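Everything on this sheet refers to the single structure shown next.
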Amino acid sequence: MSKNLPASAQLENELRHFTGDLERFRHSLNPRVIYTPGVRHLAEQAGAYWLIDAIASWIGSHSFNEALRQNERLQWLHFWKLSVDLSERSAVLTAVPDAGEAAFITQRIPFTDFPLKSVDVWAGFDGRLWTLYLPSEH
């Protein structure tokens, strides 16, 4: 880690350097979810495997499936955002069909030590598996 940057700035910088590759990691509880090295790096460095677990737990849930039935676009791609209130140490995880649209899933997280103010994780479906990836890996 660079001595000149705070840990959060260093992590944000590292995440921008993930540009996608073919390596994937399977989620242990939801076998229909895989994730990229960038998402794995985020989880490792931020102590946030719980974020992958949270997203994976929503994928395939009743609420998720209802949203997919109502909006066909969600069957292929949707966008997750973790927004952190650093002063309160709480967060909100949302999933939206596209920028500027209403969330179809919202989860309040009463406590977190997640180091970034926010992070985006995109989810794409290839017809068999949901892949979680960073925007830079698209």
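Observations on the model:
- Seen from residue 136, the other residues with C-beta closer than 13 Å to its C-beta sum to a net charge of -4, counting Lys and Arg as +1 and Asp and Glu as -1.
- Taking 37, 97, 110 in turn, the Gaussian network model of the chain (Cα-Cα springs below 10 Å) assigns the largest fluctuation to 110.
- Computed from Cα atoms alone, the Kirkwood hydrodynamic radius reported for the chain is 15.4 Å.
- By the count of neighbouring beta-carbon atoms within 10 Å, fewest first, 133, 35, 49 end up ordered 49, 133, 35.
- When region 94-138 is reduced to its Cα atoms, the Kirkwood hydrodynamic radius in Å: 12.6
- Coil-residue GluC sites (Glu not before Pro) of region 16-106, DSSP, other Cβ within 10 Å capped at 11: 23, 88
- Put in line by how crowded their Cβ is, counting other Cβ atoms within 10 Å and starting with the fewest, 53, 126 read 126, 53.
Where a number appears in this text, it was derived from the coordinates with a stated rule and is not lab data. Values in this document were obtained by computation on a predicted structure and should not be read as measured data. Here the Cβ is made from the backbone with ideal geometry for all residues, glycine too, and neighbour counts use every protein chain on show.
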